[in-house]
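Values quoted throughout were computed directly from the atomic coordinates according to the rules given, and no laboratory measurement underlies them. Model, not experiment: these values are computed from the prediction. Quick reminder, even Gly has a Cβ in these numbers, built from the backbone with ideal geometry, and neighbours come from all protein chains shown.
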Amino acid sequence: MSKVSTIGPPAAATELALLVDALLPGDELFPAASAVGVQALLASRLELLRGASALDELARAIADAGGPLGVLDEAGRRVAVAKLQRQYAALFDDVLRVAYLAYYESAIVQGAIRALGFTYHAHPLPDGYGDQIGRFDPARDAPAHRRGSYVSTEGVQRVSLDGLSLLGERYGR
């Protein structure tokens, strides 16, 4: 059974919206993260990443960093989020990664990117980015700095991993 957040759904939703807006505040070209629903995706994806108590863990971390965010002004929220980042680095990394991915998944944000004149495919396949990037040409794209080297696909040879006992131990071999 899923554990219910100790701060209650309305307060949790407000805290998450304030948190994602502190991370991705938006401007005249881009919407704030909460305007495109990042907080809802953050809640569900954090639970997938960190388990059923992830939102309680985040609420405790925010409180420990000076929150709740809803009682702070904008400057206070920035200070609390910076403290959250320092004191709960692994949790903050998950929050930031999920928030950024959810934000740039939004069709509204993708439209803002396109409005800047960039060709942006939300899903690179099947069309890909071939027209923008072009095909790899060894004569043009091979390194000229003489560090490293280029091996053609046909020249790649398999390497034995038998000497790497760590891999075998991980899988019980």
Rh (Kirkwood; distinct C-alpha pairs) - the range 9-115, Å: 13.8
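Extension gain ASP27-ASP162, at 0.36 nm per residue separation less the Cα-Cα distance, in nm? Kindly include the intermediate steps, with their values, before the conclusion.
Values: separation 135, 0.36 × 135 = 48.60 nm, distance 5.37 nm.
In short, 43.2 nm is gained.
If you stretched the chain out fully between ALA11 and ARG146, how much longer would it get, using 0.36 nm times the residue separation minus the C-alpha to C-alpha distance?
On the way: separation 135, 0.36 × 135 = 48.60 nm, distance 5.81 nm.
Between ALA11 and ARG146, full extension yields an extra 42.8 nm.
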For ILE113, ILE62, ILE108, order by how many other beta-carbon atoms lie within 10 Å, fewest first: ILE108, ILE113, ILE62
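Can you sort THR14, THR153 by how many other beta carbons sit within 10 Å, fewest first? Mind dumping the intermediate values first?
Working: THR14 17, THR153 5.
Final ranking by Cβ density, sparse to dense: THR153, THR14.
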Rough spin-label spacing in nm, given labels placed 7 Å along Cα→Cβ, for LEU48 and ALA139: 4.6
Separation of the ASP56 and PHE118 label points, Cα + 7 Å toward Cβ, nm: 4.0
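Ranking VAL159, VAL109 by Cβ neighbours within 10 Å, fewest first, what do you get?
Values: VAL159 8, VAL109 22.
Sorted ascending by nearby Cβ count, the order is VAL159, VAL109.
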